[in-house]
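To start, the structure under review is shown below, and the notes come after it.
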Amino acid sequence: MSFELLFQYFLSGITVGSIYAIVAVGFNIIYNTTGIINFAQGEFLILGAMVGITLSPFLPLPLAIILAVILTVIIGALIEIIFIKWLKEPSVLRVIIITIGVSILIREAMLHIWDEKVRALRYFTGTEVSSVTIFGAHISPQVLWVLGISAVIVICLNFFFKFTLIGRAMRACSANKTAARLCGINSKRMVTFSFMLSAGIGALAGCAVSPLTQTQYDMGASLAIKGFTAAILGGLGNSMAAVAAGLIIGLLEAFSISILPLAYKDAVAIALLLIILFFRPSGLFGSREKSALKEY
Amino acid sequence: MLKILNLEAGYGKLRILKSVSLHVNPGEIVTIIGPNGAGKTTLLNTISGIIKTRSGKIVFNKQNIQQTAAETIVSMGCSLVPEGRQVFNTLTVKENLMLGAYLQFKNGNKKKIKLELKEVLKLFPVLEEREHQLAGTLSGGEQQMLAIGRALMASPRLLMMDEPSMGLAPLIVKEIFETIVRLKDSGMTVLLIEQNARLSLGIADRGYVLETGQIVIEGTVRELLNNHDVQRAYLGKDYKGIDE
């Protein structure tokens, strides 16, 4: 294998990986406040991208994306308020099943609104043929956009959860809801807020990857599974680790093509998910100490 | 400061508190003793708003709080140190303490928080050494101190404690009870729930005995200590009459 080819694989792995990473980060936000996995996370991406695509012919691209993010945030809040907020002491399993139901609902609604055509947002800079050459490998500038946006999101989130009051309060809610209320934290509001945050990040990610992956109404589920794998591999709740894990999965997938038939590409991530769940449920980077203190 | 009138509360169909009435005056340590399952924890959880009141009145600082949300009750100056400590395991000690002052933070009262933090760390120097450790890795005694410290960070006027001695070594229990006395000396009002009657009557001003959801005996500590029923049931002194 020539060096150029190797590098090309590497880059495509990084690209796909950063998409998984961003989905995984969305999972982590909600997990961090509520201890639940929101299986509608993939749908947030597609919904954001769809809205962005619909608005983009009429508005400048940045404005279309911002509006798409805002609209998805509102929908995220509505979903939480309508389906989850009124439940008294919901069990984790019950909420997870609700999110699966919500994901089906959103998917079917999108099919209704946008039919099954494959669409794509236009490239942020340049076109689909323009490319940047690095070490003899060609990559689309959109890849750099995706990488950059994921990096910014993760850094901001890390800061948010560690150092801001709301971020800490959200973590407190996931650690112990009753104790959080006794500190004066409105735990229900924090849950709504976490849904809004992860919906917004999902929508932004969906817009960023749309030019590369195209967007179709039912792509959310497969993205969600890959993102979920990345979140588990990194250790649930840890955004930085989720990014690393997302990149690892992307790279494994990209390089698997050179030794396995293309059809097995998706199987790589699923196999990895099973292996982690069997042997190291705290994730690659999750501290065992911390996971021993958590309830699953 | 706190006045409870004919309070009833419970879980589902279970009626646990049956017409409980009691009061706490400013600057007092009031203790409620009673056996397992008497409703002691339910009582504190109801006052702090975690459990809904069925009927009756809870008046805190002249305001009715029986229908108020837990978050609001904290902001009025009534903090609970919950049973079994309930610290935020996956957060550091410092973050735990800071979250105790969540409401002040929200109001932008940063100077006061710093002072409060200093006071709490002076009260429990161990916590300063462990500042950056995850709270879940602390020992039971340290977690109890953290839980008390976190409640104090909200600068409450009434501190309610649910069995602070639970599962702790006698030496640490002694330390914690000394701290409670020091808090009282600095003007704090304390409502203390304990199974260890000897300990809590040792530091309290007044006490109540709660049995099967009802207050059966009340009075000053001296009265309780001299009460035959209390002596027999909670202090382990048997009737002399049986042997004679």
Consider B:Leu127 carefully, then state whether it is more than 10 Å from every other protein chain (Cβ to nearest Cβ) and either under 18 Å from the mean Cα position of the chain (by Cα) or assigned to a helix (DSSP H, G or I) (or both).
yes
Sort out which residues of the stretch A:1-45 are within 14 Å of the chain's Cα centre (by Cα) and among the small types (Gly, Ala, Ser), and write them in order of number.
A:Gly17, A:Ser18, A:Ala21, A:Ala24, A:Gly26, A:Ala40, A:Gly42
Residue tally, condition of a type in the set (Ser, Thr, Tyr) and loosely packed, with under 15 Cβ neighbours inside 10 Å, over the stretch B:54-70:
1
Out of A:Val95, A:Val69, report the one residue that is hydrophobic (A, V, I, L, M, F, W, C), within 20 Å of A:Ala224 (Cβ to Cβ) and at pLDDT 95 or above.
A:Val69
Could you grab me the full set of residues in the stretch B:98-112 that are assigned to a helix (DSSP H, G or I) and modelled with pLDDT of 90 or more?
B:Met98, B:Leu99, B:Gly100, B:Tyr102
Test: A:Ser130 is more than 14 Å from chain B (Cβ to nearest Cβ) and free of Cβ contacts under 8 Å to residues at least 60 places away in the same chain
yes
Within the stretch A:198-205, can one find any residue that is within 20 Å of A:Val143 (Cα to Cα), touching a residue at least 60 places away in the same chain (Cβ under 8 Å) and in contact with an Asp or Glu (Cβ under 7 Å, 6 or more places away or on another chain)?
no
When the residues of the stretch A:212-221 are narrowed to those that are in a helix (DSSP H, G or I) and of a type in the set (A, V, I, L, M), which ends up surrounded by the fewest Cβ atoms within 10 Å (Cβ to Cβ)?
A:Ala221
I'd like to know if the stretch B:74-97 contains one or more residues that are in contact with a helix residue (DSSP H, G or I) (Cβ under 8 Å, 6 or more places away or on another chain), among the β-branched types (Val, Ile, Thr), farther than 26 Å from A:Gly167 by Cβ and at pLDDT 90 or above.
no
Of the residues in the stretch A:228-266, those that are within 16 Å of A:Val23 (Cβ to Cβ), assigned to a helix (DSSP H, G or I) and not aliphatic (A, V, I, L, M) number 8
So if I check each of B:Ile73, B:Ile65, B:Ile47, which one is touching a Gly at 6+ places or on another chain (Cβ under 6 Å), of a type outside the set (Ser, Thr, Tyr) and farther than 30 Å from A:Gly237 by Cα?
B:Ile73
Exactly one of A:Phe135, A:Phe83, A:Phe58 is at positive phi and hydrophobic (A, V, I, L, M, F, W, C), and that residue is A:Phe135
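A quick yes/no check of all residues on (1) away from every other protein chain (no Cβ under 14 Å); (2) closer than 29 Å to A:Ser131 by Cα; (3) at pLDDT 90 or above; (4) surrounded by fewer than 18 Cβ atoms within 10 Å (Cβ to Cβ):
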position	(1), (2), (3), (4)
A:Leu157	yes, no, no, no
A:Ser174	no, no, no, no
A:Ser187	no, no, no, no
A:Phe195	yes, no, yes, no
A:Gly206	yes, yes, yes, no
A:Leu223	yes, yes, no, no
A:Ala242	yes, yes, no, no
A:Ile248	yes, yes, yes, no
A:Leu260	yes, yes, no, yes
Scanning the stretch B:50-86 for residues that are within 7 Å of chain A (Cβ to nearest Cβ) and part of a loop (DSSP other than H, G, I, E, B) gives B:Ile50, B:Pro82, B:Gln86
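The values are calculated or read from the model by the stated rules, or taken from the named source; none is laboratory data. A quick note: this is a predicted structure, and the numbers were derived from the prediction, not measured. So basically every Cβ, Gly included, is an ideal-geometry build from the backbone, and we count neighbours across all protein chains shown.
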